[in-house]
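The values are calculated or read from the model by the stated rules, or taken from the named source; none is laboratory data. This is a predicted model, so every value here is computed, not measured. Backbone-built Cβ (ideal geometry, glycine too); neighbour counts: all protein chains shown.
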Amino acid sequence: MMNELKILNRLLPTLTQTPDVVTGPGDDCAVLKASGELLLLAAVDQVIGGVHYYSGITSPAAAGAKLMKRNLSDIAAMGGTPKWALLALAVNGHSEEWLLEFCRGAHEAGAAFGVPVVGGDLAELENKGEAGSLTILGEIAASEVILRSGARPGDRLYVTGEFGNSLTSGHHLNFTPRLREGRLLARKHFATAMLDVSDGLLLDAVRLACASQVDLVMNPGKVPLRAGAVRETAFSDGEDYELLFTVPQDRCGELERDWPSDFAPLHCIGTAEQGNGEVRTPAGTILSRNRKIGYEH
Ligand SMILES: Nc1ncnc2c1ncn2[C@@H]1O[C@H](COP(=O)(O)OP(=O)(O)O)[C@@H](O)[C@H]1O
Ligand SMILES: Cc1ncc(C[n+]2csc(CCOP(=O)(O)OP(=O)(O)O)c2C)c(N)n1
Ligand SMILES: [Mg+2]
């Protein structure tokens, strides 16, 4: 049996906090100073052993780091600044060390972006397995929020980074959440709509197209591929954790000039046109009606 109290006694003192945490982990709630003018962003995502990583092969620290970074990527997709995280872990068949390593992985990945783990929960599963859930809180000025629904006909379609082969290449564990890039796009009001690509470029492009009620005309030849990626499957592999966003045509020159050279590479892969949620090629092939356009559980 896992001794929750004993583990927490070991874990909590290792979780460094930031000055805006009035009361950190250990009470019924974490008490946090919210900044007056800003909006709070909140999201939760999980990693399940065997589903989001190879259980027994991926180290617990890498799995914990992935859990934190997937959530940071959701804050990046809004253009926000991540602030605090809550980590819930349910396991069976793992040692105390395994648990602590998982939590350390999440803690260190958050610390790299100034995000402390301010609370969480530990529970034991009835059967062998492992499931981690992380709730992320972030903030953003109301005028800067980038939703999926703001793309307009005439906007250009951009991506950061590269696509495909995420699982085999290890990118699904090693990726960097595009927080700096997301902040620039929000702060300078470049992006009209944005999301982060987790289920596959095509499927997530359809989500943005549907939310904005436009068609996206995507030039497959312009999508940058990760080493080892195959063009036929790169758009549906998923777990790229890159930003997909639209920019008004008259801001594109400024965006490309302002884009810092140490940011993830920026690529224009298409345009938004009048429509109702399809993704098509310039030749008119409707990509969104292909059989497999993204990752399905
Ligand atoms: N159990 C749930 N209850 C409420 N909202 C949910 C639940 N599961 C998912 N969602 C919401 O549905 C949306 C899509 O979820 P998901 O595909 O997991 O998003 P993401 O790719 O950003 O993690 C998100 O806004 C998420 O908050
Ligand atoms: C063992 C293993 N099998 C398959 C995958 C690939 N994979 C797992 S989940 C996923 C898509 C994203 O996951 P989901 O939980 O749907 O993310 P969300 O939409 O909530 O961001 C992909 C491509 C993996 N990372 N590890
Ligand atoms: Mg999710």
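Screening Thr14 on (1) more than 30 Å from Arg183 (Cα to Cα); (2) away from ligand 2 (no atom under 16 Å from the Cβ) shows it passes everything except condition (1).
In this structure, Ala34 does satisfy being loosely packed, with under 14 Cβ neighbours inside 10 Å and either small (Gly, Ala, Ser) or modelled with pLDDT under 95 (or both). With respect to Asn71, determine if the residue is surrounded by 13 or more Cβ atoms within 10 Å (Cβ to Cβ) and within 16 Å of ligand 2 (Cβ to nearest atom). Yes: the conditions hold for Asn71. Among the residues of region 205-260, the one identified as of a type in the set (Asp, Glu), loosely packed, with under 13 Cβ neighbours inside 10 Å and under 30 Å from Val51 (Cα atoms) is Glu232. Exactly one residue out of Ile75, Ile48, Ile7, Ile57 is farther than 14 Å from Leu137 by Cβ, out of contact with any His (no Cβ under 8 Å at 6 or more places or on another chain), β-branched (Val, Ile, Thr) and within 16 Å of ligand 1 (Cβ to nearest atom): that is Ile48. Given the structure, is Gly64 closer than 21 Å to Pro25 by Cα and not aliphatic (A, V, I, L, M)? Yes, satisfied. Taking region 123-137 as the search range and keeping residues that are closer than 21 Å to Lys69 by Cβ and either surrounded by fewer than 21 Cβ atoms within 10 Å (Cβ to Cβ) or basic (Lys, Arg) (or both), which one is farthest from the chain's Cα centre (by Cα)? For region 123-137, the residue satisfying everything is Ala131.
Checking each residue in region 34-54 for being more than 16 Å from Glu144 (Cβ to Cβ) and either out of contact with any strand residue (DSSP E or B) (no Cβ under 6 Å at 6 or more places or on another chain) or away from ligand 2 (no atom under 11 Å from the Cβ) (or both) picks out Ala34, Ala42, Asp45, Gly50, Val51, His52, Tyr53, Tyr54.
Residues in region 28-84 that are within 15 Å of ligand 3 (Cβ to nearest atom) and small (Gly, Ala, Ser): Ala42, Ala43, Ser73, Ala76, Ala77.
Tell me, which helices (runs of 4 or more DSSP H) lie completely within region 93-183 with 3 or more residues that are among the hydrophobic types (A, V, I, L, M, F, W, C) and within 30 Å of Lys33 (Cα to Cα)? In region 93-183, the matching helices (runs of 4 or more DSSP H) lie at 96-111.
Is it the case that some residue within region 87-98 is hydrophobic (A, V, I, L, M, F, W, C), within 16 Å of ligand 3 (Cβ to nearest atom), buried (at least 16 other Cβ atoms within 10 Å of the Cβ) and touching a residue at least 24 places away in the same chain (Cβ under 8 Å)? Yes, there is a match, as at least one residue in region 87-98 is hydrophobic (A, V, I, L, M, F, W, C), within 16 Å of ligand 3 (Cβ to nearest atom), buried (at least 16 other Cβ atoms within 10 Å of the Cβ) and touching a residue at least 24 places away in the same chain (Cβ under 8 Å). The sole residue among Ile140, Ile57 that is of a type outside the set (Ser, Thr, Tyr), within 15 Å of ligand 2 (Cβ to nearest atom) and either surrounded by fewer than 22 Cβ atoms within 10 Å (Cβ to Cβ) or not assigned by TED's automatic domain parsing to the domain that holds Gly161 (or both) is Ile57. Among residues of region 36-60 that are in a strand (DSSP E or B), those with a Cβ under 6 angstrom from a residue that is among the acidic types (Asp, Glu), sequence gap 6+ or separate chain, pair up as Leu40/Glu139; Ala43/Asp74; Gly49/Glu130. Answer yes or no as to whether Arg207 is more than 16 Å from ligand 1 (Cβ to nearest atom), of a type in the set (Lys, Arg) and in a helix (DSSP H, G or I). No: the conditions fail for Arg207.
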